[in-house]
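The values are calculated or read from the model by the stated rules, or taken from the named source; none is laboratory data. This structure is a prediction, so every number in the text was calculated from the model and none was measured. Counting neighbours? That spans all protein chains shown, and the Cβs are built from the backbone with ideal geometry, glycine included. Just the protein is used for accessible areas: all its heavy atoms, side chains included, with ligands, DNA and RNA removed. Shrake-Rupley method; radii C 1.70, N 1.55, O 1.52, S 1.80 Å.
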Amino acid sequence: MKSFHFSLEKIYELRVKEEKKMKRAYGEIQKLVFQKENEIQQMMKEKATMSGMSQMNIEQIQVHYRYLARLDQQIMDEHQQLLIIKQQLADILEEYMTAQKDRKIIEKLYEKKYQEYLSEVKKEEQKRLDEFRARQSVL
């Protein structure tokens, strides 16, 4: 009997590649989220440090408050960017889960077809053994 061949092998390989691609993209976006969160934390620390300063003249206070206002704006901008990146992360996660599901469907089909192949091999083997025994009993 000929060896097992899965007719959807190329599709399976394609789906595995797609799943790996989505997994990589998810990891990269996760890294961006982590970086943005660190940047925001650094800005918050800087703001806390700057807010604690005292003993300044009027000009220094004005410059200080303008700097703090700009820092607040940067923090808000970074939070906005973080929200966008987190939405991208959710979208990629959904695509990854879909790719994973598609791969698993093909794997289950592969297993089913392979089990059918093994069953056929066993039937063929049993048929040969029966023929061999029949020949032995005739002799």
* Can you tell which of E131, E78 is open to solvent by 60 Å² or more (accessible area, probe 1.4 Å) and assigned to a helix (DSSP H, G or I)? -> E131
* To do: With the checklist (1) surrounded by 14 or more Cβ atoms within 10 Å (Cβ to Cβ); (2) of a type in the set (S, T, Y); (3) more than 30 Å from K10 (Cβ to Cβ) in hand, flag the one item T49 doesn't pass.
  => (1)
* To do: Looking for whichever is in a helix (DSSP H, G or I) and in contact with a Leu (Cβ under 6 Å, 6 or more places away or on another chain) here; the options are I105, I85. Which one fits?
  => I85
* Structure fact -> All-but-one check, M97 against (1) in contact with a helix residue (DSSP H, G or I) (Cβ under 9 Å, 6 or more places away or on another chain); (2) part of a helix (DSSP H, G or I); (3) open to solvent by less than 90 Å² (accessible area, probe 1.4 Å), failing number (3)
* Asked: Taking A25, is it in a helix (DSSP H, G or I) and exposed (fewer than 11 other Cβ atoms within 10 Å of the Cβ)?
  -> no
* Structure fact -> Residue pairs qualifying under the 8 Å Cβ cut-off, at least six apart or on distinct chains, with the first in segment 58-81 being touching a residue at least 24 places away in the same chain (Cβ under 8 Å) and of a type outside the set (A, V, I, L, M, F, W, C) and the second being assigned to a helix (DSSP H, G or I) and open to solvent by 70 Å² or more (accessible area, probe 1.4 Å), are E78/E39
